[in-house]
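A.B. asks: Here it is, the structure in full.
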Amino acid sequence: MRIVKRLFIWCRNLFFLLVISGILMVVIYKYVPVYYTPLMFIRLYEKDGADGIEHRWTPIEQISRSMIQAVVASEDNLFMEHPGFDREQIGKAVKEIQQGRRLRGASTISQQTAKNVFLWPARSFFRKGLEACFTVLIEWIWGKERIMEVYLNSVELGNGIYGVEAASMTYFGKRAYELTQEESALLAITLPAPRKMNPTRVSAYMRGRQRHILSLMKKIAPVDMGYRYPGTSD
């Protein structure tokens, strides 16, 4: 009984330590740039075609508004409205599981950000549970603007390429704030499979997806978080 009691106390203390550490990390990353993520280290270990990491943290004020519009249109068109979770997409995913189909993403930008920054890229109910906890925390502590800023700086956009600034320089030779709508849409297309699609080698499928995203960008409400971009006026 004494051993069981000690084990219970140890597990309880470990649980509270993990919870406190998680909250502390979220608070720190509200103000501190996220230079490295678990995925970056995993990819380096895998050595899957990348010799190193291309990553340049860039404030959201220096990222094109069209890039923000493109990722919202392609990944999460209710980003500014939902509390971190898209109930409709979750409902569809649950139905697919009940039908015996494979567990799929159904993740919002907030959920993807939580996964990219704090967790690992594996599909399991345990990881999804942790992802949900971190999603609630970043929605509550960070807010939408900071979530978008971290997302655009941490998302994988090619072999060893992370963040919009590094992708923009690598593929188009320009800063992120200079991206056009067409270029932003091409980058957004690669998000589901960034190591398989290249925005400078556009296939017929990618061209069709680009037109679709550009069309969606015109239909959704403007994503304006109240800041200016280099070279713009009030």
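A.B. asks: Confirm whether residue 141 is surrounded by fewer than 17 Cβ atoms within 10 Å (Cβ to Cβ), in contact with a helix residue (DSSP H, G or I) (Cβ under 6 Å, 6 or more places away or on another chain) and hydrophobic (A, V, I, L, M, F, W, C). Give the steps one after another, and end with the answer.
C.D. replies: Numbers: surrounded by fewer than 17 Cβ atoms within 10 Å (Cβ to Cβ): yes; in contact with a helix residue (DSSP H, G or I) (Cβ under 6 Å, 6 or more places away or on another chain): yes; hydrophobic (A, V, I, L, M, F, W, C): yes.
When the stated conditions are applied, residue 141 passes them.
A.B. asks: Let me spell it out: the conditions are (1) open to solvent by 30 Å² or more (accessible area, probe 1.4 Å); (2) at pLDDT 75 or above; (3) touching a helix residue (DSSP H, G or I) at 6+ places or on another chain (Cβ under 7 Å), and residue 122 meets all of them except one. Which number is the exception?
C.D. replies: The single condition residue 122 does not satisfy is (3).
A.B. asks: Using beta carbons and a limit of 6 Å, which pairs, at least six apart or on different chains, have the first residue in the range 48-60 and basic (Lys, Arg) and part of a loop (DSSP other than H, G, I, E, B) and the second one at pLDDT 95 or above and crowded, with 16+ Cβ neighbours inside 10 Å?
C.D. replies: Listed pairs, sorted by first residue: 56/165; 56/166.
To keep it simple, each residue is scored yes or no on (1) in contact with a Cys (Cβ under 7 Å, 6 or more places away or on another chain); (2) among the acidic types (Asp, Glu); (3) within 29 Å of residue 32 (Cβ to Cβ).
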position: 155; (1), (2), (3): no, no, yes
position: 158; (1), (2), (3): no, no, yes
position: 165; (1), (2), (3): no, yes, yes
position: 168; (1), (2), (3): no, no, yes
position: 202; (1), (2), (3): no, no, no
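A.B. asks: What is the residue count in the range 1-10 for residues that are loosely packed, with under 10 Cβ neighbours inside 10 Å and either under 18 Å from the mean Cα position of the chain (by Cα) or not in a loop (DSSP other than H, G, I, E, B) (or both)?
C.D. replies: Here the count works out to 4.
A.B. asks: Just a yes or no: is a residue in the range 209-222 of a type in the set (Ser, Thr, Tyr), more than 20 Å from residue 149 (Cβ to Cβ) and not in a helix (DSSP H, G or I)?
C.D. replies: no
A.B. asks: If I filter the range 28-44 for residues that are among the basic types (Lys, Arg), open to solvent by 50 Å² or more (accessible area, probe 1.4 Å), at pLDDT below 95 and part of a helix (DSSP H, G or I), do I get at least one hit?
C.D. replies: Going residue by residue through the range 28-44, those that are among the basic types (Lys, Arg) are 30, 43.
Subsequent filtering for residues that are open to solvent by 50 Å² or more (accessible area, probe 1.4 Å) retains 30.
Now restrict to residues that are at pLDDT below 95: none.
Within the range 28-44, not a single residue is among the basic types (Lys, Arg), open to solvent by 50 Å² or more (accessible area, probe 1.4 Å), at pLDDT below 95 and part of a helix (DSSP H, G or I).
A.B. asks: Next up: Out of contact with any Gly (no Cβ under 9 Å at 6 or more places or on another chain), open to solvent by less than 100 Å² (accessible area, probe 1.4 Å) and β-branched (Val, Ile, Thr): is that true of residue 53 in this structure? Lay out the reasoning, then the answer.
C.D. replies: Numbers: out of contact with any Gly (no Cβ under 9 Å at 6 or more places or on another chain): no; open to solvent by less than 100 Å² (accessible area, probe 1.4 Å): yes; β-branched (Val, Ile, Thr): yes.
Answer is no for this residue.
A.B. asks: Sticking with this one: Could you grab me the full set of residues in the range 166-178 that are open to solvent by 10 Å² or more (accessible area, probe 1.4 Å) and touching a residue at least 40 places away in the same chain (Cβ under 8 Å)? Lay out the reasoning, then the answer.
C.D. replies: Residues of the range 166-178 that are open to solvent by 10 Å² or more (accessible area, probe 1.4 Å), as a first pass: 169-175, 177-178.
Hits for the range 166-178 are 169, 170, 175, 177, 178.
A.B. asks: Select, from 189, 213, the only residue that is within 15 Å of the chain's Cα centre (by Cα), touching a residue at least 40 places away in the same chain (Cβ under 8 Å) and surrounded by 14 or more Cβ atoms within 10 Å (Cβ to Cβ). Spell out how you get there, then give the answer.
C.D. replies: On the way: 213 fails: within 15 Å of the chain's Cα centre (by Cα).
Just a single option satisfies the conditions, and that option is 189.
The values are calculated or read from the model by the stated rules, or taken from the named source; none is laboratory data. Predicted, not measured: the structure shown is a model, and the values here were computed from it. Positions of Cβ are backbone-derived with ideal geometry, glycine not excepted, and every protein chain shown enters the neighbour counts. For the accessible areas, the whole protein counts, side chains as well, though only heavy atoms, and no ligand, DNA or RNA atoms are used. Shrake-Rupley method; radii C 1.70, N 1.55, O 1.52, S 1.80 Å.
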